[in-house]
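The values are calculated or read from the model by the stated rules, or taken from the named source; none is laboratory data. Keep in mind that this is a model prediction, so the values were computed, not measured. We place every Cβ from the backbone using ideal geometry, glycine too, and count neighbours over all the protein chains shown. The area values use the complete protein model at the heavy-atom level, side chains included, leaving out ligands, DNA and RNA. Shrake-Rupley method; radii C 1.70, N 1.55, O 1.52, S 1.80 Å.
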Amino acid sequence: MARVVLRNVVKNFGDVRIVKNVNLEIEDKEFLVLVGPSGCGKSTTLRMVAGLEDLTSGEIIIGDRIVNDVHPKDRGIAMVFQNYALYPHMDVYENMAFGLKLAKMPKAEIDKRINEVAETLGITELLKRKPKELSGGQRQRVAVGRAIVREPDVLLMDEPLSNLDAKLRVQMRTELIKLHNRLKNTIIYVTHDQTEAMTMGTRIVVMKDGVIQQVAAPQEIYDKPVNVFVAGFIGSPTMNFINCRVISDDGKITLDAGSFRLPAPAERFTLLEKHINKEVLMGIRPENIHVGENAAQTYGDSRVEALVEVVEQLGSEVLLYLKADRYSLTVRAQAGTRAATEESIPVFINMNKIHIFETETETALF
């Protein structure tokens, strides 16, 4: 296995800079996920590691080698593509053996590797089938098998689950996590799906417009986003945002949102004192806005009147889409919560869970 380092990596397409001075260290045996919206540069970054795109400037190091000028086949990597890229005229065995034959590996060793990997992935009975005879999930397994049978130092995956239906994506996420736990290889995984990123990665790299916004463990990114973009991108449903003015009143600090005011947590007064009479952006996740009598008793001083616009019954929970003054709020409520469309209801915000961002820079104060 191998450690991967990107130093000051830049990629231009003509006059357009797609990847902007990326610095990143991926540890040996790590499952690192690059996540961000379409066009953020995550797939281009992965393709540069693979050697499928040339760098405009910077260095990529795999193991102890600078690989900028090393051919893809000599980098010790294997890649799983979004469209699987299986040869339609070959059966599964031949697809998995193709790269090993090119490397002039002995037939006995090829047989051994393919049978071991096929058993690990549960595709032994598929070895004589052609790709057209396989389901989407089976093709995905074969594509992964073809990559890992080469025993690469680094396994690269470019949105490999995006062509699968929702149920199969969940199943394959679990399978890939189990595979990584078993093989202990270094994986760099690209996705636009923040749920995949949160559930699969040991660390997440959030990208926007070719720039890394934050690198951290999934829970840290969720609990402590460094800016508005990360806060809004990670989490489903997305974080709620409310524009507020910081007000000092009788030694206490409140957040004035226009038609309602919310008490700031006492332990945050010191940070907020520097922003008295200034605009800030408050963020609160849907699960930290509460409804019902118990919520009124616990969070009664942070009450907000809201109009119910949409109710989504999901069985295990209820999502309420509300309008409070000019703000749209999403609330994740317990199963059985009753609310009717066009009904006005009070909701209560857990102010100990709020995030505050500077309006101009959009960076997090806390």
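Do you know which residues across region 166-197 are part of a helix (DSSP H, G or I) and farther than 29 Å from Gly63 by Cβ?
Ala166, Lys167, Leu168, Arg169, Val170, Gln171, Thr174, Gln194, Thr195 - these are the residues of region 166-197 that are part of a helix (DSSP H, G or I) and farther than 29 Å from Gly63 by Cβ.
Looking at this structure, is Met200 aliphatic (A, V, I, L, M), touching a strand residue (DSSP E or B) at 6+ places or on another chain (Cβ under 9 Å) and either under 17 Å from Cys40 (Cα atoms) or surrounded by fewer than 16 Cβ atoms within 10 Å (Cβ to Cβ) (or both)?
It is false that Met200 is aliphatic (A, V, I, L, M), touching a strand residue (DSSP E or B) at 6+ places or on another chain (Cβ under 9 Å) and either under 17 Å from Cys40 (Cα atoms) or surrounded by fewer than 16 Cβ atoms within 10 Å (Cβ to Cβ) (or both).
Can you tell me which condition Thr254 does not meet? The list is (1) in a strand (DSSP E or B); (2) loosely packed, with under 15 Cβ neighbours inside 10 Å; (3) not charged (D, E, K, R), and all the others hold.
(2)
May I ask you to say which residue of Val149, Val142, Val154 is open to solvent by less than 20 Å² (accessible area, probe 1.4 Å), touching a Lys or Arg at 6+ places or on another chain (Cβ under 7 Å) and modelled with pLDDT of 90 or more?
Val149
Which ones in region 268-280 are under 31 Å from the mean Cα position of the chain (by Cα) and either assigned to a loop (DSSP other than H, G, I, E, B) or not β-branched (Val, Ile, Thr) (or both)?
Arg268, Leu271, Leu272, Glu279, listed by residue number.
For every residue, the table says whether it meets (1) in a helix (DSSP H, G or I); (2) closer than 22 Å to Asn163 by Cβ; (3) free of Cβ contacts under 8 Å to residues at least 40 places away in the same chain; (4) in contact with a Gly (Cβ under 6 Å, 6 or more places away or on another chain).
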{"residue": "Leu55", "(1), (2), (3), (4)": "no, no, no, no"}
{"residue": "Gly58", "(1), (2), (3), (4)": "no, no, no, no"}
{"residue": "Lys73", "(1), (2), (3), (4)": "yes, no, yes, no"}
{"residue": "Ala85", "(1), (2), (3), (4)": "no, yes, no, no"}
{"residue": "Tyr93", "(1), (2), (3), (4)": "yes, no, yes, no"}
{"residue": "Met105", "(1), (2), (3), (4)": "no, no, yes, no"}
{"residue": "Lys112", "(1), (2), (3), (4)": "yes, no, yes, no"}
{"residue": "Arg129", "(1), (2), (3), (4)": "no, yes, yes, no"}
{"residue": "Arg141", "(1), (2), (3), (4)": "yes, yes, yes, no"}
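Please report, ordered by residue number, the strands (runs of 3 or more DSSP E) entirely within region 288-366 with at least 3 residues that are of a type in the set (A, V, I, L, M).
Result: 303-313, 317-324, 327-334, 344-349.
Can you give me the number of residues within region 1-42 that are closer than 30 Å to Thr174 by Cβ and in a loop (DSSP other than H, G, I, E, B)?
13
Could you list, in sequence order, the residues of region 257-289 that are among the small types (Gly, Ala, Ser) and either open to solvent by less than 70 Å² (accessible area, probe 1.4 Å) or free of Cβ contacts under 8 Å to residues at least 60 places away in the same chain (or both)?
Passing the criteria: Ala257, Gly258, Ala264, Ala266, Gly283.
Sort through Ile247, Ile242 and tell me the only one that's surrounded by 19 or more Cβ atoms within 10 Å (Cβ to Cβ) and outside any loop (DSSP other than H, G, I, E, B).
Ile242
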